[in-house]
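Student: The structure under discussion is supplied below as structure tokens; questions concerning it will follow.
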Amino acid sequence: MMNRYRKFSLSVAASISILMASLSVPQRLIGQESPSTPVSKVERKNKAPLSRDILRVNLPRPVEAKLKNGLTVLIAEDHRFPAVSVQLQIGAAGALFEPANLAGLASVTAQMLREGTKSRTSKQIAEEADKLGASFGAGAEFGSSVTTFGASGLSDNFDSWFSLALEVLLHPTFPAGELDNLKQRLRVQLRQQRAAPNFLVSERFYRAVYGAHPAAIVSATAASVDSLTPEILANWHRERYVPQNAILGFAGNVRATELIPKLEKWLAGWTPSGLQEALPANAAPSTERKIYLVDRPNSVQTTIALGNIAIDRRSPDYIPMVVMNHLFGGGPAARLFLNLREEKGYTYGVYSDFTAVRYAGPWRAGGNMRTEVTAAAVNEFFNEIRRIREEKVSDAELADTKRAITARFALSLEQPTGVLAFAMVRKTYGFPADYWDTYPAKITAVTADDVQRVARKYLNPDKMQLVAVGDVNKIKSALERYGPIEVYDSSGNLAPISKTVE
């Protein structure tokens, strides 16, 4: 995807990654390539020491302030290390709000921020950032309502590098020459992604489940990239990069009492507007199963994705869905992996996940299978879906799943940036102050009945949308029994269904 093309420094990329993951922004590519690795023979003895105590959490509360221009500020002080991380999310500036003919506008605008300002060229920006030991960058995921901006550096020279970051954020000039260079790189990348099965399955899956909803778009096109001009980017920046829809977070060696007055001064020129974030209506779940095949002639594997629209982040079913999904396909100890990888040897890895943001997103499962086992693999997907719907999970399996989730949550609290990201999620969705403190207890309280209930509600095998990317001549007949089929070529065009050749 376009927003992944620019390589930020590791510290900023990690900061943005934590924030985006915490916001449950859609991860658009499914599956991993399948090397010729033998089926794992790992023997699980279940002898690791276990604690049955509920994880007790008391997260430090960031200092919260509202600046005069409407910007929300969160400051998580942590004086253990001489470093500061900055995370900014700007609502109503994400790809979800792009004009239909300008896909990629939000991402390209974000990428162009550091390519020149009113007082510095891109080279001067890079040199100054290197001299200060700072890093920063921005991104705008397809399907997201926000643009994110991250920066990091040492606390000793925080004022200097943060001033540079603000210049990049608020005063870009979008030089025509730099834009032309970026567009040239993007055209190449757009052609290259058409050869990647994970992109093709993602493109078709999101169009299948979202329909006319703007989250169906996962990539720019050559035409939309060609249409972008410095003036269009500048207008988007001026209209969408506004403080009243933004949350600015700091984590590290800063003091709120000193920082807030500085922010009032530094950001006095960032003026609000009347723009409010108005999300499009939710996509409705599909009511019947349908099969989409993307032809990739001579492919030695089939990349599969299946699922349907499920919940948004505020849903009361979110916590049970976390447990159900982790048990079903959340990792190498989950049912999907143990069945299709460990027992059957159909794949190197197979997983499930679900997208829950400010609008309802899909639950999905997928992975890469050897072409000759495509039919058998799809059958096992549906077998596992039926099993989790029809049979209650055992006490032991449920307990192991909940312990794994709470342990992973505990590990995420080790870094100040993780704690800040959780605080920003809480603010974004209006959750109560103790939301994350009580998260482990809420996970622990999920019952087998809860798991079965949400599985029955959101994992209906008769309504799943199934996408398979592979050699159509070898897989079409195997998938015809699952529902009506549409065939597409690798350019995304509907293709005629020819007679299958076995």
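Student: Run down 318, 241 and say which single residue is within 17 Å of residue 94 (Cα to Cα), among the aromatic types (Phe, Trp, Tyr) and buried (at least 16 other Cβ atoms within 10 Å of the Cβ). Can you show your working first?
Tutor: Working: 318 fails: within 17 Å of residue 94 (Cα to Cα).
When all the criteria are applied, what remains is 241.
Student: Quick test for you: out of 218, 225, 209, pick the one residue that is within 22 Å of residue 295 (Cβ to Cβ) and in contact with a helix residue (DSSP H, G or I) (Cβ under 6 Å, 6 or more places away or on another chain). It would help to see each step written out before you state the result.
Tutor: Details: 225 fails: within 22 Å of residue 295 (Cβ to Cβ); 209 fails: in contact with a helix residue (DSSP H, G or I) (Cβ under 6 Å, 6 or more places away or on another chain).
None of the others qualify; the one that does is 218.
Student: So, residue 139, is that one surrounded by fewer than 18 Cβ atoms within 10 Å (Cβ to Cβ), touching a strand residue (DSSP E or B) at 6+ places or on another chain (Cβ under 8 Å) and either within 30 Å of residue 251 (Cβ to Cβ) or among the basic types (Lys, Arg) (or both) or not? Reasoning before the result, please.
Tutor: On the way: surrounded by fewer than 18 Cβ atoms within 10 Å (Cβ to Cβ): no; touching a strand residue (DSSP E or B) at 6+ places or on another chain (Cβ under 8 Å): yes; either within 30 Å of residue 251 (Cβ to Cβ) or among the basic types (Lys, Arg) (or both): yes.
Answer is no for this residue.
Student: If you don't mind, another one. Take the residues in the stretch 40-79 that are modelled with pLDDT of 95 or more, part of a loop (DSSP other than H, G, I, E, B) and not acidic (Asp, Glu); name whichever of them is surrounded by the fewest Cβ atoms within 10 Å (Cβ to Cβ).
Tutor: Taking the stretch 40-79 first, the residues modelled with pLDDT of 95 or more are 62-79.
When the remaining residues are screened for being part of a loop (DSSP other than H, G, I, E, B), the result is 62, 67-71, 78-79.
Filter once more, so that each one left must be not acidic (Asp, Glu): 62, 67-71, 79.
Values: 62: 22, 67: 19, 68: 12, 69: 17, 70: 15, 71: 22, 79: 10.
Ranking the qualifying residues of the stretch 40-79, first place goes to 79.
Student: A follow-up question, please. From the set of residues in the stretch 244-289 that are of a type in the set (D, E, K, R), more than 25 Å from the chain's Cα centre (by Cα) and surrounded by 13 or more Cβ atoms within 10 Å (Cβ to Cβ), which is farthest from residue 63 (Cα to Cα)? Talk me through it step by step, then tell me what you get.
Tutor: At the first step, the residues of the stretch 244-289 found to be of a type in the set (D, E, K, R) are 255, 258, 262, 264-265, 277, 288-289.
Right, trim to more than 25 Å from the chain's Cα centre (by Cα) and you get 255, 258, 262, 264-265, 288-289.
The next check asks that each one be surrounded by 13 or more Cβ atoms within 10 Å (Cβ to Cβ); those that pass are 262, 264, 289.
On the way: 262: 15, 264: 15, 289: 49 Å.
Once the filter is applied, the top-ranked residue is 289.
Student: Continuing with the same structure: With the structure loaded, tell me whether residue 402 is basic (Lys, Arg) and either free of Cβ contacts under 8 Å to residues at least 40 places away in the same chain or touching a helix residue (DSSP H, G or I) at 6+ places or on another chain (Cβ under 7 Å) (or both) or whether it fails that test.
Tutor: On the way: basic (Lys, Arg): yes; either free of Cβ contacts under 8 Å to residues at least 40 places away in the same chain or touching a helix residue (DSSP H, G or I) at 6+ places or on another chain (Cβ under 7 Å) (or both): yes.
Against the criterion (basic (Lys, Arg) and either free of Cβ contacts under 8 Å to residues at least 40 places away in the same chain or touching a helix residue (DSSP H, G or I) at 6+ places or on another chain (Cβ under 7 Å) (or both)), residue 402 qualifies.
Student: Please give the helices (runs of 4 or more DSSP H) falling wholly within the stretch 438-502 in which 1 or more residues are within 17 Å of residue 208 (Cβ to Cβ). So that I can check it myself, show each step before the final result.
Tutor: Working: elements: 439-444, 448-458, 472-479.
Of the helices (runs of 4 or more DSSP H) lying wholly inside the stretch 438-502, those with at least 1 residues that are within 17 Å of residue 208 (Cβ to Cβ) span 448-458, 472-479.
Conditions (1) free of Cβ contacts under 8 Å to residues at least 40 places away in the same chain; (2) in contact with a Lys or Arg (Cβ under 8 Å, 6 or more places away or on another chain); (3) part of a helix (DSSP H, G or I), marked per residue:
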site	(1), (2), (3)
308	no, yes, no
319	no, yes, yes
322	no, no, yes
361	no, no, no
365	no, no, no
378	no, no, yes
382	no, no, yes
388	no, yes, yes
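Student: Now for a different question. Does the stretch 267-274 contain at least one residue that is without any contact (Cβ under 8 Å) to a residue 24 or more places away in the chain, closer than 30 Å to residue 118 by Cβ, not in a helix (DSSP H, G or I) and not assigned by TED's automatic domain parsing to the domain that holds residue 465? I'd like the intermediate steps shown before the answer.
Tutor: Pass one, the stretch 267-274, residues without any contact (Cβ under 8 Å) to a residue 24 or more places away in the chain: 274.
Adding the requirement that they be closer than 30 Å to residue 118 by Cβ leaves 274.
Then keep just the ones that are not in a helix (DSSP H, G or I); that gives 274.
Keeping just the survivors that are not assigned by TED's automatic domain parsing to the domain that holds residue 465 gives 274.
Within the stretch 267-274, one or more residues are without any contact (Cβ under 8 Å) to a residue 24 or more places away in the chain, closer than 30 Å to residue 118 by Cβ, not in a helix (DSSP H, G or I) and not assigned by TED's automatic domain parsing to the domain that holds residue 465.
Student: Among all residue pairs at least 6 apart or on different chains, which show Cβ distances below 6 Å where the first residue, located in the stretch 156-171, is assigned by TED's automatic domain parsing to the domain that holds residue 260 and the second is loosely packed, with under 15 Cβ neighbours inside 10 Å and basic (Lys, Arg)?
Tutor: 171/118
Student: Could you tell me which of the residues 207, 185, 194 is at pLDDT 95 or above, under 25 Å from residue 284 (Cβ atoms), surrounded by fewer than 22 Cβ atoms within 10 Å (Cβ to Cβ) and not polar (S, T, N, Q)? Before you say what the answer is, go through the steps one by one.
Tutor: Working: 185 fails: under 25 Å from residue 284 (Cβ atoms); 194 fails: under 25 Å from residue 284 (Cβ atoms).
From the options 207, 185, 194, the qualifying one is 207.
Student: For the stretch 136-226, give me every one of the helices (runs of 4 or more DSSP H) that falls completely inside it and has 1 or more residues that are under 23 Å from residue 236 (Cβ atoms), aliphatic (A, V, I, L, M) and out of contact with any Ser or Thr (no Cβ under 6 Å at 6 or more places or on another chain).
Tutor: 158-170, 176-193
Student: When you go through 361, 367, 349, 331 one by one, which is the residue that is over 15 Å from the mean Cα position of the chain (by Cα) and crowded, with 23+ Cβ neighbours inside 10 Å? Before you say what the answer is, go through the steps one by one.
Tutor: Working: 361 fails: over 15 Å from the mean Cα position of the chain (by Cα); 349 fails: crowded, with 23+ Cβ neighbours inside 10 Å; 331 fails: crowded, with 23+ Cβ neighbours inside 10 Å.
Result of the check over 361, 367, 349, 331: 367.
Student: Under 6 Å by Cβ, and 6 or more places apart or on different chains, what pairs join a residue from the stretch 344-359 that is closer than 30 Å to residue 278 by Cβ with one that is basic (Lys, Arg) and surrounded by fewer than 23 Cβ atoms within 10 Å (Cβ to Cβ)?
Tutor: These pairs meet every condition: 356/313; 357/313.
Student: Output the residues belonging to the stretch 438-479 that are touching a strand residue (DSSP E or B) at 6+ places or on another chain (Cβ under 7 Å), crowded, with 21+ Cβ neighbours inside 10 Å and under 30 Å from residue 297 (Cα atoms).
Tutor: Scanning the stretch 438-479 gives 464, 465, 466, 467, 468, 469, 470, 472, 475, 476, 479.
Student: Among the listed residues 347, 374, which satisfies the condition of being closer than 26 Å to residue 495 by Cα and polar (S, T, N, Q)?
Tutor: Details: 347 fails: closer than 26 Å to residue 495 by Cα.
None of the other options fit; the residue is 374.
The values are calculated or read from the model by the stated rules, or taken from the named source; none is laboratory data. Please read all numbers here as calculations on a predicted model, not as lab measurements. Every residue, glycine as well, gets a Cβ built from its backbone with ideal geometry; the counts of neighbours run over all protein chains shown.
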